[in-house]
Ligand SMILES: Nc1nc2c(ncn2[C@@H]2O[C@H](COP(=O)(O)OP(=O)(O)OP(=O)(O)O)[C@@H](O)[C@H]2O)c(=O)[nH]1
Ligand SMILES: [Mg+2]
């Protein structure tokens with residue numbers, strides 16, 4: 001569905017200075033991408049390199065500057081390491097011949113942030129006595145390697161491939177309909193619509209319906225009622241544009257499953273459950289709150305731009321004024337998110353699923369509730385429950401979370 005680039009994995013290499021992180025990376029990828037020297041502190045800034053490693057697939061390896069020992073946990077370096085931690089899918093902890101607070105700190109960070117990791121005990125050619133270190137690492141995936149001789153490198157590649165989390169592929173809608181059923185798409189052709197074409201989620205929805213051997217009918221909102229009257233069988237699913245959702249919800253009989261393109265995208269590209277949970281934070285917003293509107297691309301804002309104008313207006317009306325809004329655009333996840341009470345993210349049409357999940361994870365790690373345009377719009381229009389009806393698994397998770405929060 002997506003190009004493999006969408007599933008590019010980020011691997012971060014950590015460890016003390018001189019442990020051999022850069023050497024190991026070069027050996028692992030078979031290229032000299034990072035400078036190696038016997039001088040501790042050779043790598044001073046994270047080094048990024050994207051490439052393909054068999055059998056892992058497309059990856060970006062990140063070499064990080066090492067830290068000498070626990071006493072030298074310079075704040076800057078810790079900050080830098082953390083910044084890398086936010087990005088990665090898996091960590092490789094490179095250990096030379098000693099183990100102390102720094103390794104413990106890293107392991108605890110990986111665990112706390114839910115980052116899978118492997119431990120490479122490097123410089124096996126030097127025949128260090130590893131008895132003591134093995135005690136610390138035996139519970140975790142680990143192996144002996146030598147960046148110098150290449151010993152264990154093939155096994156390390158295999159171990160990384162094994163420990164990397166599986167990328168789940170979630171369809172846009174093909175799991176919601178059966179062959180022969182009708183999917184009715186409601187597509188507005190207004191000033192916001194691009195000239196002469198449909199937008200990606202609409203095209204994808206048509207394509208998935210066809211792949212499913214179901215029947216796709218596309219109408220504008222004005223023809224919706226007419227189409228429903230003309231159909232002999234009710235549609236198995238109606239998908240509408242978010243910003244028309246309250247009007248369309250009134251036109252579509254309650255028993256017909258209805259959702260929005262944004263909700264489908266939120267599930268396909270991100271984590272619908274987390275985004276819905278994030279939307280509940282709206283109830284805690286006050287006139288003192290700060291909300292960040294996050295756009296993944298820097299498009300030229302439209303006059304009635306959904307993220308810059310409409311959502312701030314609706315949220316302000318809902319809370320009764322005073323909210324401070326800040327727009328942040330670009331592919332990098334912003335660092336300065338002090339005192340932010342909520343993030344409302346765009347649909348992420350230019351992002352891959354992996355990128356979107358990483359952004360959700362970053363917000364979560366900072367304890368900031370995050371939702372997206374589509375979910376927030378449905379919430380503010382009072383139709384969120386209805387547009388979530390087609391997703392019983394998400395509703396079940398929400399109920400579970402609700403019970404959990406009542407218990408505590
Ligand atoms: N004998 C032996 N030496 C190694 C091995 N791996 C790295 N070295 C040596 O260890 C030294 C440090 O290697 P680097 O790869 O620069 O270490 P680093 O962890 O990237 O160090 P910083 O960038 O300073 O944090 C160099 O002199 C390497 O040649 C190994 O497997 N065996
Ligand atoms: Mg280095």
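The values are calculated or read from the model by the stated rules, or taken from the named source; none is laboratory data. Here the structure is a predicted model, which means the values were calculated and not measured. Note that we place each Cβ from the backbone using ideal geometry, even for glycine, and neighbour counts take in every protein chain shown.
Values for this structure:
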| item | result |
| --- | --- |
| Residue check for residue 75: farther than 20 Å from residue 115 by Cα and either surrounded by fewer than 14 Cβ atoms within 10 Å (Cβ to Cβ) or modelled with pLDDT of 85 or more (or both) | yes |
| Qualifying residue in region 20-43 (condition: assigned to a strand (DSSP E or B) and either touching a helix residue (DSSP H, G or I) at 6+ places or on another chain (Cβ under 8 Å) or within 8 Å of ligand 1 (Cβ to nearest atom) (or both)) | no |
| Index of the failed condition, residue 45 passing every other in (1) surrounded by 19 or more Cβ atoms within 10 Å (Cβ to Cβ); (2) within 11 Å of ligand 2 (Cβ to nearest atom) | (1) |
| Residue in region 370-381 that is without any contact (Cβ under 8 Å) to a residue 60 or more places away in the chain and either exposed (fewer than 14 other Cβ atoms within 10 Å of the Cβ) or over 18 Å from residue 284 (Cβ atoms) (or both) present | no |
| Number of the condition not met by residue 206 [criteria: (1) surrounded by 13 or more Cβ atoms within 10 Å (Cβ to Cβ); (2) modelled with pLDDT under 95] | (2) |
| Region 387-408: number of residues that are in contact with a strand residue (DSSP E or B) (Cβ under 6 Å, 6 or more places away or on another chain) and either in a helix (DSSP H, G or I) or not assigned by TED's automatic domain parsing to the domain that holds residue 333 (or both) | 1 |
| Those residues of region 127-153 which are part of a helix (DSSP H, G or I) and either modelled with pLDDT of 95 or more or touching a strand residue (DSSP E or B) at 6+ places or on another chain (Cβ under 7 Å) (or both), in sequence order | 133, 137, 153 |
| Residue among 56, 62 that alone is within 15 Å of ligand 1 (Cβ to nearest atom) and either more than 15 Å from residue 22 (Cα to Cα) or in contact with a helix residue (DSSP H, G or I) (Cβ under 7 Å, 6 or more places away or on another chain) (or both) | 62 |
| Residue list for region 1-45, restricted to those being within 30 Å of residue 171 (Cα to Cα), touching a strand residue (DSSP E or B) at 6+ places or on another chain (Cβ under 8 Å) and at pLDDT below 85 | 4, 5, 7, 8 |
| Sole residue being surrounded by fewer than 24 Cβ atoms within 10 Å (Cβ to Cβ), in a loop (DSSP other than H, G, I, E, B) and in contact with a helix residue (DSSP H, G or I) (Cβ under 9 Å, 6 or more places away or on another chain), chosen from 287, 298 | 287 |
| Residue within region 65-78 that is within 13 Å of ligand 1 (Cβ to nearest atom) and assigned to a helix (DSSP H, G or I) present | yes |
| Matching strands (runs of 3 or more DSSP E) fully within region 188-270 where at least 2 residues are closer than 20 Å to residue 389 by Cβ | 237-240, 258-260 |
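Rundown of residues vs (1) assigned by TED's automatic domain parsing to the domain that holds residue 23; (2) exposed (fewer than 13 other Cβ atoms within 10 Å of the Cβ), yes/no style:
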site	(1), (2)
131	yes, yes
144	yes, no
149	yes, yes
157	yes, no
174	no, no
177	no, no
